[in-house]
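Since the structure comes first, as structure tokens, the remarks are kept for the end.
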Amino acid sequence: MSRAQVRAVALCLVINLVDGFDLLVTSFVGPTITRAWSLSPSGVGVLLSAGLAGMAIGGLFLAPLADRVGRRRLTLGCLALASLGMLAAAVSQDFTQLLVCRVVTGAAVGAMAASLPVLTSEYANHRRRGLVVALITTGYGLGSFIAGIASSVLIGSFGWRSVFVFGCAATAILFLVALRSLPESMDYLVARRPRQALDKLNRILVSMGRAPAEALPAAPTASTSRKVALDALFRGGNAVRTVLVWVAFISAQLLFYFASSWTPSLLLKAGMSNQQGISGGVLFSLGGVTGAVLFGLLAAKAGTRRLTAAYFGIGALALILFSVSLGTLATALVVAVLVGLFLNGTVSGMTVIIPSLYPAEARATALGLAVAVSRLGAVLAPLIAGFLLQAGWAPGSMFRVFAIPAVIGAVAVVFLTRFGRALPSTSNPSVESAVAEA
């Protein structure tokens, strides 16, 4: 990969990192806000779900704008929106105001979450594409890790609002960096052909060490329309694939966002101090980063579907082990790393394997729909946990209950391994192929 490609991928990773900070920071400041505003467990669950609900809204309604305005413009606009949302959260005066701010920030993050993996895959070469996309998913874990560190440093001296101010400043700085350095999507330039599209495409190709194109590749034909892509998702064996993918991805998101949102609060509920609860959340995030990197390194040798099924199964065992280790601080903190490793790895696995299950004309649509549907698990996880906690459930029992979706996810992925390769493409060569040829 050329330096330009590495820079583009690295910038997308950093943006994902800041998105993870903005989205998951409430997990670490939540216990302090709960005491300050006397929130009920169900109210905390609603607060933790607000950003995730906004993420679903952004993925469904803002992300499609990338096809009209370009992935670069959408990303810049969402960075600005996320920065404003974090600033507004820092000065919010009541629960309702903070809730609205979290939805706004989540919407910005959700739009970028649907756009950045596609942009990253364009700038990664074919041999490293699976690894790079897996590494991009570490951004949320890294962002959550930094959110935990920032919370432990800032809350004691400056209060919980300072953590949101820190996030606002980091997002604003990244907006300025992206304004200067983030490249446009090559697929967008070829498919939508904005003004000076050929000049922009050639600048990108030259920066990557490629020869400039004399003309734009042929535009995609009507056969690559969204309708054809949707038909492909439910044609023949792909109908079963799609259902299994949705079940597995919902399970992965349910698991990850339950643990990432509630681990600090549940450790506090189990008798640990606020600082120990934050430490547990930080170690969970560190494990998540390790799990995603490890998945990317092992995928080529072990096979992505078998590896993802294994991550689900071992994740279920890790949750059960965590539930019985809450009484011992050292053991609980060690197991928190394992829980993060395997649960975040399931999300990485689903992101990597979905494109391989479908023909070329349906891959982007398949991944976009799967991500949108999986947000159901992300939104429900904190809500379910909040209501269970308010109903009197012990933290250990809650971790054991959430081992059930891990088993369901493992079974769904095991069945996916029985469906072989994707159906052949029925459309003309993709834009990606045309750009590659150029």
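The values are calculated or read from the model by the stated rules, or taken from the named source; none is laboratory data. Just so you know, these numbers come straight off a predicted model, no measurement behind them. Note that each Cβ is placed from the backbone with ideal geometry, even for glycine, and that neighbours are counted across all protein chains shown.
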Original post:
With respect to Gly148, is the statement that it is in the same structural domain as Leu48 (by TED's automatic domain parsing), in a helix (DSSP H, G or I), surrounded by 22 or more Cβ atoms within 10 Å (Cβ to Cβ) and in contact with a Leu (Cβ under 7 Å, 6 or more places away or on another chain) true?
Top reply: no
**OP:** Answer yes or no as to whether Gly156 is part of a helix (DSSP H, G or I) and closer than 25 Å to Ala56 by Cβ.
**Re:** no
Original post:
How do the pairs read when you match residues in the range 5-24 that are under 13 Å from Thr171 (Cα atoms) with residues anywhere that are outside any helix (DSSP H, G or I) and hydroxyl-bearing (Ser, Thr, Tyr), using Cβ under 9 Å and keeping only pairs 6 or more apart or on different chains?
Top reply: Asn16/Thr137
Original post:
Before we move on, is Val133 part of a helix (DSSP H, G or I), touching a Pro at 6+ places or on another chain (Cβ under 8 Å) and either of a type in the set (A, V, I, L, M, F, W, C) or outside the structural domain of Ala8 (by TED's automatic domain parsing) (or both)?
Top reply: yes
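Do any helices (runs of 4 or more DSSP H) lying entirely in the range 264-366 carry at least 2 residues that are closer than 21 Å to Ala252 by Cβ, at pLDDT 90 or above and touching a Lys or Arg at 6+ places or on another chain (Cβ under 7 Å), and which ones are they?
Filter on the range 264-366 gives 304-324.
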Subject >> Checklist (1) free of Cβ contacts under 8 Å to residues at least 24 places away in the same chain; (2) not in a helix (DSSP H, G or I) applied to Leu39, failing item >> reply: (1)
Subject >> Residue in the range 59-91 that is surrounded by the most Cβ atoms within 10 Å (Cβ to Cβ), counting only those that are among the hydrophobic types (A, V, I, L, M, F, W, C) and at pLDDT below 95 >> reply: Leu74
Original post:
Do we find a residue being more than 22 Å from Ala63 (Cβ to Cβ) and without any contact (Cβ under 8 Å) to a residue 60 or more places away in the chain anywhere in the range 134-148?
Top reply: no
Original post:
Does any residue of the range 123-134 turn out to be within 19 Å of the chain's Cα centre (by Cα), modelled with pLDDT of 90 or more and among the basic types (Lys, Arg)?
Top reply: no
